[in-house]
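Here the structure comes first, spelled out in structure tokens, and everything after it is commentary.
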Amino acid sequence: MSLLVVGSVAFDAIESPYGKVDRIIGGAATYFAVAASFFTHVNLVGIVGDDFTERDEAIFRGRKIDTSGLERAPGKSFFWAGKYSEFLNERVTLATELNVFADFNPRLPEKFRKVSHVFLANIAPDLQRSVLRQVQGTPKLAALDTMNYWIERTPAELKETLKHVDVLMINDSETRQLSNEHNLLRAARHIFKMGPSTLVVKRGEYGAMLVDSKGVFCVPAFPLEEPHDPTGAGDSFAGGFMGYLAGCGQSNDAALRRAMVYGSVLGSFAVEEFGPERLRKLERKEIDARARHFLKLTQFKL
Ligand code: AMP
């Protein structure tokens, strides 16, 4: 089993009531790869500029992450800036500078073409489809994340790409926007007609919900007294979810439920400190301990 991710590797500027950083490594593929690497080997495809140094790349070293698909181009790396509201429940994007990302044309190294699991992080739907086309055969599980930007600007391309994925993993407002349905179960039924057979709705502090033909499974967010920075929580959730599934090689209902818990575990660690700082220090035994804590959180007797 192997896991491929394509998406942004970036520098972020983040402001929350707990502090401010002007330049910290970020990007959806960064959070995803680090989170997933606790469970399985990850092949990373993305692009950075010449401002991305060896020291920056150190975040991937010493982990099961192959960066030979991380292209370097002259110019600046993707840059994103965001600011969170007092209770961290709202975020405004202050800047999105595509830089080298603007002309990104993902090319999979030959050794990346045979993969069992694919995660298409939030990038242009056409680029997501081009990655899928380069994969040899049909992967066991292909999942996709997207955002309002693509739902509004490239709806036709997004619909075409959705026909080729198994799992759609997006937040609640995007689920409603894409389906034109407020109710998430009705939204899921609508989305199943577009291609995916599984919908995972990320709901921030309210946890996450999986809907498929077998029914619904909900997982809470881990209750934290002092979350510092929600940036990358969704991508870390996706990394925990896909990493676990690729690592165990199963995709039955029980495995999907455990993957939801590992997704929530990784998302909860990501928000504890600014940027990916908490994930950098994280150890596998802490992940397992928090997963056991989830058991206690949700168990009850009738
Ligand atoms: P999340 O908090 O899960 O939405 O992910 C935040 C990460 O996504 C940040 O580290 C950003 O660098 C990255 N990001 C923000 N906007 C975009 C975009 N339009 N395309 C790709 N990556 C993005």
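All of the numbers you see were taken from the coordinates with simple rules; none came from a lab. Nothing here was measured: the structure is a model prediction, and the numbers come from that model. Glycine gets a Cβ as well: all are built from the backbone with ideal geometry, and neighbour counts include every protein chain shown.
Share of antiparallel DSSP beta bridges in the chain, in percent to the nearest 5?
Given both bridge residues lie in the chain, the antiparallel proportion sits at roughly 40 percent.
Show me, for segment 193-200, the HN-Hα J-couplings you get by feeding each phi into the Karplus relation (A = 6.51, B = -1.76, C = 1.60, θ = phi - 60°), rounded to Hz, glycine and proline as x.
Once θ is set to phi - 60°, the couplings for segment 193-200 become 5, 7, x, x, 9, 9, 10, 10 Hz.
State the extension gain, in nm to one decimal, for the chain segment bounded by Lys214 and Ser85, taking 0.36 nm per residue of separation less the distance between their alpha-carbons.
42.7 nm
Place +1 on the Cβ of every Lys and Arg and -1 on the Cβ of every Asp and Glu in the chain, take the dipole about the Cα centre, and give the residue among Phe87, Thr231, Leu144 whose Cα lies farthest towards its positive end.
The listed residue farthest towards the positive side: Leu144.
Dipole magnitude of segment 115-246 about its Cα centre, charges +1 at Lys/Arg Cβ and -1 at Asp/Glu Cβ only, in debye to the nearest 20?
Value, rounded to 20: 680 debye.
Please turn the phi angles of segment 113-128 into ³J(HN,Hα) values with the Karplus equation 6.51 cos²θ - 1.76 cosθ + 1.60 (θ = phi - 60°), one per residue in order, whole Hz, x for glycine and proline.
For segment 113-128, the Karplus-derived couplings read 6, 9, 10, 8, 10, 10, 10, 9, 6, 5, 9, 4, x, 5, 5, 4 Hz, x marking Gly and Pro.
Over the chain, with a Gaussian network built from C-alpha contacts below 10 Å, which listed residue (Phe104, Phe79, Phe87) shows the highest mean-square fluctuation?
Among Phe104, Phe79, Phe87, the largest GNM mean-square fluctuation belongs to Phe87.
Rounded, prolate or oblate: which one fits segment 11-106, using the alpha carbon gyration tensor with axes a ≥ b ≥ c (rounded when a/c is under 1.5, else prolate when a/b beats b/c, else oblate)?
Oblate.
Specify which residue in the list Phe274, Gln299, Gly207 is farthest towards the positive end of the charge dipole of segment 183-302, using unit charges on the beta carbon of Lys, Arg (+1) and Asp, Glu (-1), about the Cα centre.
Checked the options; the winner is Gln299.
How much length, in nm to one decimal, is gained on full extension between Leu185 and Ser130, taken as 0.36 nm per residue of separation minus their Cα-Cα distance?
Extra length from Leu185 to Ser130 when fully extended: 16.8 nm.
Dipole of the chain (Lys/Arg Cβ +1, Asp/Glu Cβ -1, origin at the Cα centre): which of Gln250, Ala187, Ser8 lies farthest to the positive side?
The listed residue farthest towards the positive side: Gln250.
Shape of segment 134-257 from its Cα gyration tensor (a ≥ b ≥ c, root eigenvalues): rounded if a/c is under 1.5, otherwise prolate when a/b > b/c, or oblate?
Here segment 134-257 falls in the rounded category.
Would you work out if the chain is rounded, prolate or oblate? Take a ≥ b ≥ c from the square roots of the eigenvalues of the alpha-carbon gyration tensor; rounded if a/c is under 1.5, else prolate when a/b is larger than b/c, oblate otherwise.
Cα axes put the chain in the rounded bin.
How would you rank Ser2, Ser85, going from fewest to most other Cβ atoms within 10 Å of each one's own Cβ?
Ser85, Ser2
Taking θ = phi - 60°, what integer Hz values does the Karplus form 6.51 cos²θ - 1.76 cosθ + 1.60 yield along segment 207-219, in sequence order, with x for Gly and Pro?
Those phi angles translate into x, 8, 10, 10, 10, 8, 5, 7, x, 10, 10, 10, 10 Hz.
To the nearest 20 Debye, how big is the dipole of the chain about its Cα centre, given +1 on the beta carbon of each Lys and Arg and -1 on that of each Asp and Glu?
Computed about the Cα centre, the dipole is about 1240 debye.
Which of Lys64/Lys285; Lys140/Lys281; Lys111/Lys163; Lys111/Lys140; Lys83/Lys159; Lys111/Lys159 have a Cα-Cα distance over 22 Å?
Lys140/Lys281; Lys111/Lys163; Lys83/Lys159; Lys111/Lys159
Which value at 222 nm does the chain reach when only helices count, each DSSP H run of 4 or more adding -39,500 (n - 2.57), with the total divided by all residues and rounded to the nearest 500 deg cm²/dmol?
Helix contribution divided over all residues of the chain: -10500 deg cm²/dmol.
Tally Lys/Arg at +1 and Asp/Glu at -1 over every other residue whose Cβ is under 13 Å from the Cβ of Asp50; what's the total?
Charge balance in the 13 Å sphere: -3.
Quick one: which residues, 5 or more positions from Glu273 or on another chain, have an amide H under 5 Å from its amide H? H modelled 1.01 Å from N in the peptide plane, none for Pro or chain starts.
Amide H neighbours of Glu273, under 5 Å, 5+ apart: His228, Asp229, Arg278.
May I ask you to derive the FRET efficiency for Glu71 and Glu97 from their Cβ-Cβ distance with R0 = 22 Å, giving the value to the nearest 0.05?
The formula returns an efficiency of 0.80 here.
Which of the lysines could be linked to Lys76 by a straight reach, that is with a Cα gap under 22 Å, when you skip same-chain ones fewer than 8 residues away?
Lys20
Counting other beta carbons within 10 Å of each Cβ, put Tyr84, Tyr262, Tyr18 in order, fewest first.
Fewest-to-most ranking of Tyr84, Tyr262, Tyr18: Tyr18, Tyr84, Tyr262.
In what order do Cys248, Cys218 fall by count of nearby beta-carbon atoms within 10 Å, going from fewest to most?
Cys218, Cys248
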